[in-house]
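Just so it is clear, none of the values below were taken in a lab; they were calculated from the coordinates. Owing to the predicted nature of the structure, the values given are computational and were not obtained by experimental measurement. Counting neighbours? That spans all protein chains shown, and the Cβs are built from the backbone with ideal geometry, glycine included.
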Amino acid sequence: MITGATKLLGVIGHPVEHSLSPIMHNAAIAHLGVNYVYLPFPIEANGLATAIAGFEAIGLQGFNITIPHKQAIMPMLTEVSEAALAVGAVNTVWRTETGWNGCNTDVAGFLAPLTSMPRDWSQTIVLVLGNGGAARAVVAGCSQLGFAAIWVVGRNQTKLQAFQQSWLASPLQPKLTVHPWGALPDLLPQAGLVVNTTPIGMYPHTDASPLSPALIAKMPTAAIAYDLIYTPNPSQFLRQAAAQGSTPIDGLEMLVQQGAAALEIWLKQPAPVEVMRRSLRRQLGLDP
Ligand code: NAP
């Protein structure tokens, strides 16, 4: 029940209507019985500073950030975590006595399904498809896990070079090289983990895949196929990779785990991860 003492949390972005975060966080809030509510705030790119001043005035406790504000928010924060600085983006902000602090829980979210596998990644090459915002969290995460090499494949040479350059000053110093899309036939047979960070295959284009059947056939059968896409679930890429023996990981767990990490920062108590996972699976029609 919302009362006069209810504390506010939320997500800012544009568009934000499609966000599943309100469902997941309000399910957790109800389960914990804490007096909070989590709201979507549609804020256009040029409205960010005004929105933050408003949040200050109304005493908002914390918020998530999605496109287009993940980078733009950074100069407005008092402190930014090292991981968020390395990624170059913030997805979680919380109020402190001295101002707003920010971090990036996408890295921990991405890593959660991999760290639950008892594996030494130091002999494994990870191949990352795409070089956008999510690829940055993936590179930061893979660098933390100590992969033998991180190969990032993209379609735009200028953006690929800029992506590589952007890591030069990072404390993470990822073992990163960038490659054109046309190099995939040579790269795929050597990859132990293939991560799709492009939106290819995302609803409503559910028959699309970033890799053609001929390219998927080049993946080692023991490779892990990880798609950040969570709708459809599984994606065409994961369906095809699993059909030839790969272990599939979908993007739902990353979504759950980045949300759980954010909630723990705001509430300073353990997040009910299973409740959050179940609320999303039900919303996506994966469970009754
Ligand atoms: P983004 O910043 O727009 O990056 C998308 C990347 O995909 C860019 O490098 C883009 O290349 C590339 N790309 C797009 N269409 C392509 C195509 N037809 N062929 C080759 N490359 C293509 O988006 P993002 O924020 O990184 O998000 C990417 C995906 O990850 C989305 O599906 C999003 O839903 C998902 N995601 C999931 C989670 C989760 O929690 N599971 C979290 C974050 C993101 P150009 O740069 O050349 O355009």
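Summary table below
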item	result
Scattering profile of segment 75-179 at q = 0.09, 0.14, 0.24 Å⁻¹ [log10 I(q)/I(0), Debye over alpha-carbon scatterers]	-0.24, -0.57, -1.29
Degrees separating the helix 106-115 axis from the principal Cα axis of the chain, which is the longest one	50 degrees
Rounded to 10°, Cα long-axis angle of helix 252-267 versus longest principal axis of the chain	30 degrees
Relative packing of 42-48, 244-250, which averages over residues the other C-beta atoms within 10 Å, highest first	244-250, 42-48
Extended-chain gain in nm, criterion 0.36 nm per residue less alpha-carbon gap, Ala214 and Asn156	18.7 nm
Relative intensity, log₁₀ I(q)/I(0), of segment 47-89 from a Debye sum that treats every alpha carbon as a point, q = 0.15, 0.17 Å⁻¹	-0.38, -0.49
For segment 108-250, radius of gyration divided by Kirkwood radius, i.e. Rg to Rh on alpha-carbons	0.93
Expected 222 nm ellipticity per residue - DSSP helices of 4 or more, -39500 (n - 2.57), all of the chain, to 500	-10500 deg cm²/dmol
Over 36 Å [Cα-Cα, the chain], rounded percent	16 percent
Within segment 1-129, percent of DSSP bridges classed antiparallel, to nearest 5	40 percent
Packing-based exposure ordering (other Cβ within 10 Å, fewest first) of Lys268, Lys70, Lys218, Lys159	Lys268, Lys159, Lys218, Lys70
0 to 90° range, to nearest 10: angle between helix 157-166 axis and the chain longest Cα axis	60 degrees
Fraction of antiparallel bridges per DSSP, the chain only, in percent to nearest 5	20 percent
